[in-house]
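Participant: To start, I am sharing the structure in question, which I have written as structure tokens.
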Ligand code: ADP
Ligand code: MG
């Protein structure tokens, strides 16, 4: 009889589901899980804090469409990972967290690092479960993989009691479900597609908004076609940047506020009308704005603004549907409209302002000057990781993206401290594919501080990452000279 341990079952089940990366911190009771994962041919990356490990794992999910695992110990280990889970779930990025937990027969006794982990993870995930027995492990792993990538992507949690890790079972009693295929592709109804095309044809001031859902679904070719076929102006959200290059002639990012405010028909491609897009509300949007919304999540449709055309489906497939109908209609939004003139005027004047700021030679340097010179040195295909308050906001406009999924930032949850974990994930992937692409982290000083110890992880794995810290010596905008002197006098530098 051949026996397998719980640890081996987890590792082999992950391998069977094509999971390639585990990020984590080992300790009792999951040391054997990490070892079994490596034995199964899964790459294990040992990090310095579970939160950063979870950020890294979730970035792999976003960048590849296949989840990675964040492996943590019980109690505090799992609790540290919750920040990463929440961030992933808010961003709609797939990730699987696997947490060791107290032995089953010690539950409720005050066991070492005992915590109600399955319940704790419920708020931060789409699926949170503990396998009922060893034989259930492969099915639970498959369900976690499937749940995190099907429908709206998100986080999943699997709880493994310590005594399950080394328990053994006859291999003959185990059945491994086959590898879960990529999500089935869903299409919008023809009726809504026709409605959308009619709306576009009647629009005076149309605008496409490209979100990170479009980046995640790898809709770049389809969206490129849509822009070429329709001639529409587009605006990327922060992580939608690069789906089409920032220097594309139809990109109106430099006139963002005006484009949002004056558009009469907005086509929302995999982005939410949340705080990042000012909820779609006046005074940032026109009260008469009509919405064509594309999303994979039915519950998202009409959030904050009623969608006149609700295109429920995979953004990549739905954009193809739109392109097909637009082609049949041979309709093109003219390049000589008042709307285009208006947007181009604003872009030119904003470009003049940022150029003037960039060329100031004051000391200390302003953000624009710093970014202007950094941007000149960045290779076009590099991954840009960006976080911090002003560092990220101004970096968004000054550091251009030319390729999809090459910008990683604080995202929907506005999480600071994500940067180093994201950079590690990106560098691990680039290294595995031997692309030679650079990973560049542009960090505010306080954002860097949240996960600064992960620099050690980068060095230990010899990851070629460049970190640039924009140091304004403080959180948010820092303090002015007067205030600083006052604080120095009082000996109080604690708040910054
Ligand atoms: P951004 O930050 O760029 O505005 P959000 O994270 O707010 O992006 O929104 C992304 C949206 O994309 C979510 O509402 C999510 O449901 C949706 N989404 C994710 N994957 C797909 C997909 N394959 N097709 C369509 N929509 C998707
Ligand atoms: Mg700062």
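Participant: Return yes when residue 304 is farther than 23 Å from residue 472 by Cβ, part of a loop (DSSP other than H, G, I, E, B) and modelled with pLDDT of 95 or more and no when it is not. If you could, list the steps in order and put the result at the bottom.
Facilitator: Details: farther than 23 Å from residue 472 by Cβ: yes; part of a loop (DSSP other than H, G, I, E, B): yes; modelled with pLDDT of 95 or more: yes.
Against the criterion (farther than 23 Å from residue 472 by Cβ, part of a loop (DSSP other than H, G, I, E, B) and modelled with pLDDT of 95 or more), residue 304 qualifies.
Participant: Within segment 232-255, restricting attention to residues that are in contact (Cβ under 8 Å) with a residue 40 or more places away in the chain and part of a helix (DSSP H, G or I), which residue is farthest from the chain's Cα centre (by Cα)?
Facilitator: My answer is 255.
Participant: Filter segment 125-147 down to the residues that are within 16 Å of ligand 1 (Cβ to nearest atom) and closer than 20 Å to residue 79 by Cα and list them by number.
Facilitator: 125, 126
Rundown of residues vs (1) at pLDDT below 85; (2) within 14 Å of ligand 2 (Cβ to nearest atom), yes/no style:
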site: 413; (1), (2): no, no
site: 428; (1), (2): no, no
site: 433; (1), (2): no, no
site: 441; (1), (2): no, no
site: 463; (1), (2): no, no
site: 473; (1), (2): yes, yes
site: 489; (1), (2): yes, no
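Participant: What strands (runs of 3 or more DSSP E) lie completely within segment 137-218 and have 3 or more residues being farther than 30 Å from residue 324 by Cα?
Facilitator: Values: elements: 155-161, 168-170, 206-210.
Result: 155-161, 168-170.
Participant: Follow-up question, since we're still on this one. On the basis of being more than 16 Å from ligand 1 (Cβ to nearest atom), assigned to a strand (DSSP E or B) and at pLDDT 95 or above, does residue 118 make the cut? First the steps, then the outcome.
Facilitator: Working: more than 16 Å from ligand 1 (Cβ to nearest atom): yes; assigned to a strand (DSSP E or B): no; at pLDDT 95 or above: yes.
Criteria not met by residue 118.
Participant: Hey, could you check segment 276-298 for residues that are free of Cβ contacts under 8 Å to residues at least 24 places away in the same chain and either within 13 Å of ligand 1 (Cβ to nearest atom) or part of a helix (DSSP H, G or I) (or both) and say which is surrounded by the fewest Cβ atoms within 10 Å (Cβ to Cβ)?
Facilitator: Going residue by residue through segment 276-298, those that are free of Cβ contacts under 8 Å to residues at least 24 places away in the same chain are 278, 282-283, 287, 298.
Filter again for either within 13 Å of ligand 1 (Cβ to nearest atom) or part of a helix (DSSP H, G or I) (or both), leaving 278, 298.
Working: 278: 16, 298: 13.
Selected residue: 298.
Participant: Right, here's the next one. Residue check, residue 83 against (1) within 30 Å of residue 3 (Cβ to Cβ); (2) out of contact with any strand residue (DSSP E or B) (no Cβ under 8 Å at 6 or more places or on another chain), all met but one. Which one?
Facilitator: Of everything listed in (1) within 30 Å of residue 3 (Cβ to Cβ); (2) out of contact with any strand residue (DSSP E or B) (no Cβ under 8 Å at 6 or more places or on another chain), residue 83 misses just condition (1).
Participant: Next question, about the same structure. Would you mind telling me which numbered condition in (1) within 30 Å of residue 351 (Cα to Cα); (2) within 16 Å of ligand 1 (Cβ to nearest atom); (3) surrounded by 22 or more Cβ atoms within 10 Å (Cβ to Cβ) residue 265 fails?
Facilitator: That leaves (2) as the condition not met.
Participant: Still on this structure, I have one more. Just wondering, is there one or more residues in segment 79-89 that are more than 21 Å from residue 114 (Cβ to Cβ) and over 21 Å from the mean Cα position of the chain (by Cα)?
Facilitator: no
Participant: Kindly indicate whether any position in segment 104-116 is touching a residue at least 12 places away in the same chain (Cβ under 8 Å) and either buried (at least 24 other Cβ atoms within 10 Å of the Cβ) or closer than 24 Å to residue 38 by Cα (or both).
Facilitator: No: segment 104-116 contains no residue that is touching a residue at least 12 places away in the same chain (Cβ under 8 Å) and either buried (at least 24 other Cβ atoms within 10 Å of the Cβ) or closer than 24 Å to residue 38 by Cα (or both).
Participant: Quick one: would you say residue 384 is touching a helix residue (DSSP H, G or I) at 6+ places or on another chain (Cβ under 9 Å), under 28 Å from residue 412 (Cα atoms) and within 16 Å of ligand 1 (Cβ to nearest atom)?
Facilitator: Working: touching a helix residue (DSSP H, G or I) at 6+ places or on another chain (Cβ under 9 Å): yes; under 28 Å from residue 412 (Cα atoms): yes; within 16 Å of ligand 1 (Cβ to nearest atom): yes.
Considered against the rule, which asks whether it is touching a helix residue (DSSP H, G or I) at 6+ places or on another chain (Cβ under 9 Å), under 28 Å from residue 412 (Cα atoms) and within 16 Å of ligand 1 (Cβ to nearest atom), residue 384 comes out as yes.
The values are calculated or read from the model by the stated rules, or taken from the named source; none is laboratory data. Just so we're clear, the structure is a prediction, and the values are computed from it rather than from any experiment. Here Cβ is always computed from backbone atoms with ideal geometry, including for glycine, and neighbour counts include all displayed protein chains.
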